[in-house]
Amino acid sequence: MNINTLNILADAISDIGSWWSWHVGDNMLQLEFCDVQLYDETKGEKETHTTDVLAVRFYGHVFAVFLDDLNDKNWHGRFRDDDSILYPVDTYDMAFDDKTEAESLLNDYRNMVPVKDFKGAETLVSTKHILCARCDEVGFIVGGDEIEIVGEKGKYTEEEIEPLSRKWWEYWKYYWRVRGTRDALPKDYACEVTIPVDREAPQGKW
């Protein structure tokens, strides 16, 4: 995927989304995120249309390092095994393929947990793709040779990301225009916390 598409994806995840889960295999790494601002076309008319869960997968020479300011050496293990734990991503503080940002992130936390084939700055220099983010008291830097995006509908192509992002924002505008009327859409957390500039007059300027 090109960097413009990846930047759109990072914004769609990090505006109000949370890091929900992770999994590492021999040659694959997956992070899952919830409340992603991509329009979910698999849902019915009377359902919310925010993407509930989206997985970002890396293949080939994958690596992962988790960061934290916690007094808990096994937080990442409990996080992996407990679906009730969420780490909200700091708003718009996620980046793909930004090695400078990844290096900066390494210095922002007290503790470092190498999860998969991480050898410090050397790994960041040699890897092809990177994803990093701050999630308040924890953070992560992961990467690999190839990126794949997967959701309820299956795999996302590069060409789908921008249109689904645009369609979500159109859905969000309509959600607020009809909110409180008899045509109101089902309550959507992602829409509720993304408030128009003038909440009292959502029909007006955005």
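The values are calculated or read from the model by the stated rules, or taken from the named source; none is laboratory data. What you see is a predicted model, and the numbers here were worked out from it, not measured in a lab. As a convention, Cβ positions derive from the backbone with ideal geometry for all residues, glycine included, and neighbour counts pool all protein chains shown. These accessible areas exclude ligands, DNA and RNA; they are computed on the full protein's heavy atoms, side chains included. Shrake-Rupley method; radii C 1.70, N 1.55, O 1.52, S 1.80 Å.
Go through segment 66-121 and give me each residue that's over 23 Å from residue 6 (Cβ atoms) and part of a helix (DSSP H, G or I).
Scanning segment 66-121 gives 75, 76, 77, 78, 79, 80, 81.
Would you confirm whether or not segment 170-177 contains a residue that is open to solvent by 40 Å² or more (accessible area, probe 1.4 Å) and either closer than 30 Å to residue 66 by Cα or among the hydrophobic types (A, V, I, L, M, F, W, C) (or both)?
Checked against the condition, which is being open to solvent by 40 Å² or more (accessible area, probe 1.4 Å) and either closer than 30 Å to residue 66 by Cα or among the hydrophobic types (A, V, I, L, M, F, W, C) (or both), segment 170-177 yields no hits at all.
Among the numbered criteria (1) surrounded by fewer than 18 Cβ atoms within 10 Å (Cβ to Cβ); (2) modelled with pLDDT under 95, which single criterion is violated by residue 1?
(1)
Note down all Cβ pairs under 7 Å where the first residue falls in segment 33-55 and is at positive phi, the second is part of a strand (DSSP E or B) and open to solvent by less than 40 Å² (accessible area, probe 1.4 Å), and they're at least six residues apart or on different chains.
Qualifying pairs under 7 Å: 35/18; 35/50.
Checking residue 155 against (1) modelled with pLDDT under 95; (2) of a type outside the set (A, V, I, L, M); (3) surrounded by fewer than 14 Cβ atoms within 10 Å (Cβ to Cβ): exactly one of these is not met. Which one?
(1)
When you look at residue 64, is it touching a helix residue (DSSP H, G or I) at 6+ places or on another chain (Cβ under 7 Å), closer than 22 Å to residue 148 by Cα and surrounded by 14 or more Cβ atoms within 10 Å (Cβ to Cβ), yes or no?
Against the criterion (touching a helix residue (DSSP H, G or I) at 6+ places or on another chain (Cβ under 7 Å), closer than 22 Å to residue 148 by Cα and surrounded by 14 or more Cβ atoms within 10 Å (Cβ to Cβ)), residue 64 does not qualify.
Select, from 42, 100, 48, 91, the only residue that is open to solvent by 30 Å² or more (accessible area, probe 1.4 Å) and closer than 12 Å to residue 132 by Cβ.
On inspection, the qualifying residue turns out to be 100.
Answer yes if at least one residue in segment 25-36 is surrounded by 15 or more Cβ atoms within 10 Å (Cβ to Cβ) and among the small types (Gly, Ala, Ser), and no otherwise.
no
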